[in-house]
Amino acid sequence: MAQAIILRHIALHEFKKDFKDLTQTTPTPLPEYKTVCGGVIKDPENYPSAIYHGERLYFCTRACLRVFEQDPDPFLAGDVEHPLDEE
């Protein structure tokens, strides 16, 4: 009888361990968004953006957004120098 109690105890311990493993979840990482300038951001609401050909584009600074708005295609092609100062 003592052996049956020990076996039940072991089985219950294993069940609790397996249940704990199943219920523990790792937090889902925030998605990353790329800026037109080549940077990576995690919270796009804190960065300037524009809709271009139906797609939302993100910029590292308002200065980049302003340069993009003046002439989008050369900016996207890398023909326009990235502004260094926030004007």
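Label-to-label distance for V40 and R62 is 2.8 nm, based on points extended 7 Å past Cα in the beta-carbon direction.
With each label modelled as a point 7 angstrom along the Cα→C-beta vector, the S49-A77 pair spans 2.7 nm. Amide hydrogen proximity for T35: with H placed 1.01 Å from N in the peptide plane, the residues at 5 or more positions away or on another chain lying under 5 Å are V40, I41. Taking amide H as placed 1.01 Å from N in the peptide plane, Y52 has its amide H under 5 Å from the amide H of L57, each at least 5 places away in sequence or on another chain.
Readers should treat all values here as calculations from the given coordinates under stated rules, not as data from a laboratory. What you are looking at is a predicted structure, and each value in this text was computed from that prediction instead of being measured. Note: ideal-geometry Cβ built from the backbone for every residue, glycine included; neighbour counts use all protein chains shown.
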